[in-house]
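Trainee: Have a look at this one.
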Amino acid sequence: MITAGVDVGSISAKAAIVQDGELLTTCVILTGYNSRDAGRQVYDQALAQLTMQAGRIDKIVATGYGRNSIDFADKAVTEITCHAAGAHYLDPQIRSIIDIGGQDSKAIVLDDTGRVKDFTMNDKCAAGTGRFLEVMARALQVDLDAFGTLSLAADKAAPISSLCTVFAESEVISLIAKGASRVNIIAGIHASIGARVVSMAKRIGVRPPVMMTGGVAKNIGVVRALEAKLATTLRVSEYAQLTGAIGAALLAAR
Amino acid sequence: MASVEKIVDPDKARRKIKADRRMREIMANYYMEAKTPKAQRGKKIAWITSGGPVEPLHAMDVIPIYPENYGAMIGASKMGVPLCEKSEEMGYARDLCSYARADIACATVAGGPIGGLPEPDMLVCCNNICGTVLKWYEVQARYYNVPLFILDTPITHTTFNDDMRRYVTRQSEEYIAFLEMACGRRFDYDRMKTVGDLSIRGQQLWQEILDTTMHKPAPMTCFDAFFHLAMIVTLRGTQTAVDYYEMLLAEMKERVAQGIGMLPVEKYRLVWDNLPIWYRLRWLSEKFMERSACLVADTYTSGWTSWMPYVDQTDFLGFMGESYARIFLNSGTDLMAENIVRMVKKYDAHGVVFHSNRSCKPYSFGQYDIQRIVQKKLGIPTLMIEADMVDERSFSESQVETRIDAFIEMLG
Ligand code: SF4
């Protein structure tokens with residue numbers, strides 16, 4: 001059985017195609033303005049990579065914030081359930097997930113079959129999300145992709161106490177004025193995300209092994225900050241950003 | 001795409017609660033009488049908080065008006081945002097309860113549902129529901145320049161002692177004296193006895209109605225209870241409420257006998273905590289219905305019977321202070337959690353939906369702890385929805401929908 005998962009998030013759209021539990025291909029594009037078109041496009045691209053006709057796909061599950069706009073899907077499933085299924089597939093030992101995406105962050109606790117036991121989300125506020133990092137990168141005039149590696153050179157993370165993105169930004173600006181080093185400020189930003197996300201995750205009883213998913217998993221500084229707060233190492237798969245799409249493809253086969 | 005299969009319901013008409021019409025009539029008459037010009041109406045009007053002892057008002061033929069019930073009307077008719085904004089322009093903080101904001105703003109404009117509330121002759125405020133009402137009623141007492149009576153009920157974290165008892169009993173006496181003064185005549189103790197009996201009867205009936213949902217399928221949901229609640233709030237202590245609830249109970253029993261459920265398919269049974277999200281009642285009820293999830297009970301509508309164990313039929317006035325001090329909302333986190341655990345068992349529910357209500361601090365403050373306690377004691381899934389009962393600016397449809405969907409998938 002060949003199935004597909006399409007995950008349309010606020011920033012990127014992802015697709016995965018799976019055949020009998022084996023991952024055949026994945027694809028990522030920017031969502032842009034129209035989430036419906038993005039879903040279609042990323043799916044078509046994934047098919048093209050396999051030189052496969054759409055007719056070969058038995059079932060499609062859509063997920064992510066744009067899930068209900070994907071009219072060619074057979075079913076829509078939330079990203080929470082899909083992330084759990086995807087993480088379980090990538091590493092069956094995983095019992096918790098921390099997912100930080102462009103506009104939200106979430107923590108999921110799962111059982112040994114990959115089913116969700118509990119979850120919590122922050123989607124009301126930019127703090128603790130990818131958007132927070134973007135704002136800070138702008139304030140510091142640093143390329144966001146360099147954030148992770150730069151922060152590893154810090155000798156002492158600068159303290160950033162505000163939970164609000166706007167306040168934190170002005171804290172960063174005053175730190176710059178005070179002459180704090182850029183790398184220390186970046187480390188401080190990561191620590192503040194770490195503290196915020198971990199306190200949310202602890203509320204639902206996060207327990208190891210923990211996997212980190214979502215686009216922000218590519219930022220090694222955030223990963224380290226989360227690890228420090230959680231006092232455990234995080235497992236980051238090379239498919240971190242694609243976990244939801246893979247999960248959706250797997251759930252489509254059920 | 002078919003994330004949620006549309007359920008075709010051939011029995012839709014049969015599922016409609018017939019008493020609804022009568023309820024609307026009664027509520028219309030109630031507000032019509034209150035809005036009749038004073039000279040024709042004769043009766044005085046008291047504005048009173050939702051948890052305030054209304055019975056002495058009925059005994060004195062004073063019409064009780066509930067700004068909170070009105071707040072619900074404002075919310076349900078989606079007039080909350082402009083009124084909240086207006087109050088913010090007046091200088092009130094956005095963190096203030098949206099009932100208070102909407103009511104304070106509404107008093108200054110000629111508008112709102114039913115063209116605004118009739119002006120009060122007096123105000124009765126009981127802080128057994130929250131501290132917000134104290135300042136809110138003080139503001140309105142100044143605005144309308146009318147006397148205000150405050151009944152101060154100590155918080156009943158777990159127990160109630162003799163000092164507390166004396167304190168509230170003394171105030172009940174002061175309340176009667178206040179009414180005698182405001183009405184210019186002696187208190188009618190005989191009438192009070194009848195009103196007390198009717199109040200207790202009304203509450204018993206209301207609880208019996210709520211309990212019909214123990215049956216599977218449930219003949220009604222909490223969304224229906226949110227509607228039919230208005231009567232126990234506003235007309236508690238009257239024959240009208242008793243008659244109406246007898247009629248509604250008979251209908252519910254009939255539905256149970258015939259196996260008519262409110263949902264075409266009842267797969268999951270859930271308990272709701274906190275106030276309704278008034279401007280999204282229909283949306284929410286449809287969301288849950290499409291997912292075959294029936295909200296069989298809630299902590300809010302049963303709050304009006306939560307003090308029943310402390311009422312004494314033979315001496316209503318004597319126990320009034322204590323019973324009003326011991327309502328659900330005036331208790332501590334432990335008791336609130338215990339109440340939810342009890343409800344889950346009683347109604348055989350699969351999960352709990354918490355509305356973290358930005359407006360209502362006493363209701364929402366301990367919810368994360370309560371959620372933890374419930375999960376620990378029962379091991380069932382729970383859901384936290386962040387919103388506000390009247391102020392739509394605190395509601396995000398796609399975020400709430402994702403949470404509901406994920407929760408249902410978890411129940412799966
Ligand atoms: S704060 Fe809560 S209890 Fe108090 S008036 Fe507002 S909604 Fe009612």
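The values are calculated or read from the model by the stated rules, or taken from the named source; none is laboratory data. These numbers come from a predicted model, not from an experiment. Every residue, glycine as well, gets a Cβ built from its backbone with ideal geometry; the counts of neighbours run over all protein chains shown. The protein model used for the area step is the full one, side chains on, heavy atoms only, and it has no ligands, DNA or RNA in it. Shrake-Rupley method; radii C 1.70, N 1.55, O 1.52, S 1.80 Å.
Trainee: Report the relative contact order of the stretch A:39-121, percent, no decimals, based on alpha-carbon pairs under 8 angstrom and at least 6 residues apart.
Mentor: On the way: 101 pairs, mean separation 15.2, N = 83.
Worked out over the stretch A:39-121, it gives 18 percent.
Trainee: Averaged over peptide A:69-78, how many Cβ atoms belonging to another chain are found within 10 Å of each residue's Cβ? Could you put the intermediate results ahead of the total?
Mentor: Numbers: counts 1, 2, 1, 1, 3, 3, 5, 5, 4, 11.
Partner Cβ neighbours, averaged per residue: 4.
Trainee: How far is the Cα center of the stretch A:85-144 from the Cα center of the stretch B:194-239, in Å?
Mentor: That distance is 44 Å.
Trainee: Then there's this: Cα atoms only, the protein assembly as shown: Rg and Dmax in Å?
Mentor: Expressed in Å, the Cα Rg and Dmax of the protein assembly as shown come to 28.0, 92.
Trainee: Let me check I've understood the local charge: for B:Thr333, count other residues with C-beta under 11 angstrom from its C-beta, Lys and Arg +1, Asp and Glu -1. What total comes out? Don't jump to the answer; show the numbers that get you there.
Mentor: Details: positive: B:Arg372; negative: B:Asp334, B:Glu338, B:Asp369.
Overall, the nearby charge balance is -2.
Trainee: Accessible area per residue of the stretch B:237-293 at 1.4 Å probe, in Å²? Please list the in-between numbers first.
Mentor: Numbers: 2040 Å² over 57 residues.
Per-residue value: 36 Å².
Trainee: For the stretch B:34-179, report the accessible area per residue in Å² (1.4 Å probe, heavy atoms, rounded to an integer).
Mentor: On the way: 5780 Å² over 146 residues.
In whole numbers, the stretch B:34-179 has 40 Å² accessible per residue.
Trainee: Next up: Where the centroid of each part is defined by its Cα atoms, how far is the stretch A:2-56 from the stretch A:178-254 in Å?
Mentor: Going from one Cα centre to the other spans 24 Å.
Trainee: Across chain A, what fraction of all alpha-carbon pairs, as a whole percent, falls in each successive 10 Å bin from zero upward?
Mentor: Reading the bins upward from 0: 8, 32, 32, 20, 7, 1, 0.
Trainee: Keeping the other protein chains in place, figure out the carbon and sulfur percent of the accessible area of chain B, with a 1.4 Å probe. Numbers along the way, then the final one.
Mentor: Values: 8700 of 16530 Å².
Carbon with sulfur: 53 percent of the solvent-accessible area.
Trainee: Still on this structure, please answer the following. Pulled fully out, how much extra length does the chain show between B:Asp95 and B:Lys345, if you take 0.36 nm times their separation in residues and subtract their Cα-Cα distance? Could you put the intermediate results ahead of the total?
Mentor: Numbers: separation 250, 0.36 × 250 = 90.00 nm, distance 3.50 nm.
In short, 86.5 nm is gained.
Trainee: Putting +1 on Lys and Arg Cβ atoms and -1 on Asp and Glu Cβ atoms, find which of B:Asn145, B:Gly75, B:Gly259 reaches farthest to the positive end of the dipole of chain B.
Mentor: So the residue furthest toward the plus end is B:Gly259.
Trainee: Rounded to the nearest 0.05, what FRET efficiency is calculated for B:Leu281 and A:Asp112 with R0 set to 51 Å and r the Cβ-Cβ distance?
Mentor: With R0 = 51 Å, the Cβ-Cβ based efficiency is 0.85.
Trainee: What size of dipole, in debye to the nearest 20, comes out for chain B about its Cα centre when the only charges are +1 on Lys and Arg C-beta atoms and -1 on Asp and Glu C-beta atoms?
Mentor: On the way: 49 positive and 53 negative charges, 117 e Å.
Charge dipole, chain B, about its Cα centre: 560 debye, nearest 20.
Trainee: Rounded to the nearest 500 deg cm²/dmol, what is the calculated helix-only ellipticity per residue at 222 nm for the protein assembly as shown, with -39500 (n - 2.57) per DSSP H run of length n ≥ 4? Write down the numbers at each step before the final one.
Mentor: Numbers: 26 runs with 315 residues, N = 666.
The per-residue figure over the protein assembly as shown is -14500 deg cm²/dmol.
Trainee: Inside 10 Å of the C-beta atoms of A:62-68, what's the mean count of C-beta atoms belonging to other chains?
Mentor: Numbers: counts 2, 2, 1, 4, 1, 6, 7.
The mean count of partner-chain Cβ atoms within 10 Å per residue comes to 3.
Trainee: On alpha-carbon atoms, Rg over Rh for chain B using Kirkwood Rh? Display every interim value, and only then the final one.
Mentor: Values: Rg = 20.9 Å, Rh = 21.9 Å.
Over the Cα atoms of chain B, Rg/Rh equals 0.95.
Trainee: How compact is the stretch B:76-161 by the rule of thumb for globular proteins, expressed as Cα Rg over 2.2 N^0.38 Å?
Mentor: Details: Rg = 14.5 Å, N = 86, 2.2 N^0.38 = 12.0 Å.
So the Cα radius of gyration is 1.21 times the expected 2.2 N^0.38 Å.
Trainee: How far, in nm, would the chain grow between A:Asp91 and A:Asp155 when pulled straight, counting 0.36 nm per residue and subtracting the alpha carbon separation? Working shown, then result.
Mentor: Details: separation 64, 0.36 × 64 = 23.04 nm, distance 3.36 nm.
Going from the current span to full extension adds 19.7 nm.
Trainee: Between A and B, buried accessible area summed over both sides at probe 1.4 Å, in Å² to the nearest 100? Can you show the working numbers first?
Mentor: On the way: alone 11510 and 17500 Å², together 27140 Å².
Approximately 1900 Å² gets buried when A meets B.
Trainee: Shifting gears a bit: Pairing the Cα long axis of helix A:165-177 with the longest principal axis of chain A, what angle in degrees results, from 0 to 90 and rounded to the nearest 10?
Mentor: The angle comes out near 40 degrees.
Trainee: Can you give me the accessible area per residue for the stretch A:67-108, using a 1.4 Å probe, in Å²?
Mentor: On the way: 1070 Å² over 42 residues.
Ligands and nucleic acids excluded, the result is 26 Å² per residue.
Trainee: Listed highest first by mean packing, meaning other Cβ atoms within 10 Å per residue, what order do A:85-97, B:172-184, B:17-29, B:243-255 come in?
Mentor: Working: A:85-97: 21.8, B:172-184: 16.1, B:17-29: 14.2, B:243-255: 18.5.
The peptides rank, most packed first, as A:85-97, B:243-255, B:172-184, B:17-29.
Trainee: Pairs of alpha-carbon atoms within less than 8 angstrom and 6+ residues apart define the contacts here; what relative contact order does the stretch A:94-236 have, in percent?
Mentor: Numbers: 266 pairs, mean separation 45.2, N = 143.
Value for the stretch A:94-236: 32 percent.
Trainee: Right, something else. Tell me the carbon and sulfur percent of the accessible area for chain A, rounded to whole percent, probe radius 1.4 Å. Could you put the intermediate results ahead of the total?
Mentor: Details: 5460 of 10610 Å².
The computed percentage sits at 51.
Trainee: Once Rh for the stretch A:94-236 is found with the Kirkwood sum over Cα pairs, what is the Stokes-Einstein diffusion coefficient at 4 °C and 1.567 mPa s, in µm²/s? Walk me through the numbers on the way to the answer.
Mentor: Details: Rh = 15.0 Å.
Translational D for this selection: 86 µm²/s.
Trainee: In Å, what is the Rg of the alpha-carbon atoms in the stretch B:1-95, and how long is Dmax?
Mentor: 19.7, 62
Trainee: List the residues of the stretch A:114-130 for which accessible area in the full set of protein chains is at least 40 Å² lower than for the chain on its own; 1.4 Å probe, protein heavy atoms only.
Mentor: A:Arg115, A:Asp118, A:Phe119, A:Met121, A:Asp123, A:Lys124
Trainee: Of B:Met90, B:Met164, B:Met289, which is the most mobile in a GNM of chain B whose springs link Cα atoms less than 10 angstrom apart?
Mentor: B:Met90
Trainee: Helix A:79-90 versus the longest principal axis of chain A: what is the Cα-based angle in degrees, 0 to 90, to the nearest 10?
Mentor: Roughly 80 degrees between the two axes.
Trainee: For the stretch B:272-366, build the charge dipole from Cβ charges (+1 Lys, Arg; -1 Asp, Glu) around the Cα centre, then report which of B:Gly303, B:Pro362, B:Phe328 sits farthest towards its positive end.
Mentor: Checking the options against the dipole of the stretch B:272-366, the answer is B:Pro362.
Trainee: Roughly how many nanometres apart are two label points built 7 Å out from the Cα toward the Cβ at B:Glu208 and B:Ser396?
Mentor: Between B:Glu208 and B:Ser396, the simple spin-label model gives 4.7 nm.
Trainee: Between B:Lys267 and B:Lys193, what is the FRET efficiency for a Förster distance of 41 Å, r being their Cβ-Cβ separation, to the nearest 0.05?
Mentor: Working: r = 48 Å, r/R0 = 1.16.
The value I calculate is 0.30.
Trainee: Now a separate question. Pop a pseudo-label 7 angstrom from the Cα along the beta-carbon direction at both B:Leu134 and B:Asp61 and give the gap in nm to one decimal.
Mentor: Distance between label points: 3.6 nm.
Trainee: Hey, any idea what Rg/Rh is for the stretch B:151-276, computing Rh the Kirkwood way over Cα pairs?
Mentor: Working: Rg = 19.1 Å, Rh = 17.5 Å.
With Rh from the inverse mean 1/r over Cα pairs, Rg/Rh is 1.09.
Trainee: Using modelled amide H (1.01 Å from N, peptide plane; none on Pro or chain starts), what sits under 5 Å from the amide H of B:Thr153, excluding residues fewer than 5 places away?
Mentor: Answer set, sorted by chain and number: B:Asn127, B:Asn128.
Trainee: Still on this structure, I have one more. Could you grab the relative contact order for chain B? Cα pairs under 8 Å, six or more apart, rounded to a whole percent. Mind dumping the intermediate values first?
Mentor: Values: 679 pairs, mean separation 79.0, N = 412.
Computed over chain B, the figure is 19 percent.
Trainee: Residues of the stretch B:377-412 that become at least 50 Å² less accessible with every protein chain present than in their own chain isolated, using 1.4 Å: which are they?
Mentor: B:Gln399, B:Thr402, B:Arg403, B:Glu409, B:Met410
Trainee: Identify which of B:Ile385, B:Ile63, B:Ile48 has the largest mean-square fluctuation in a Gaussian network model of chain B, with springs joining Cα atoms closer than 10 Å.
Mentor: Between B:Ile385, B:Ile63, B:Ile48, it is B:Ile385 that shows the largest mean-square fluctuation.
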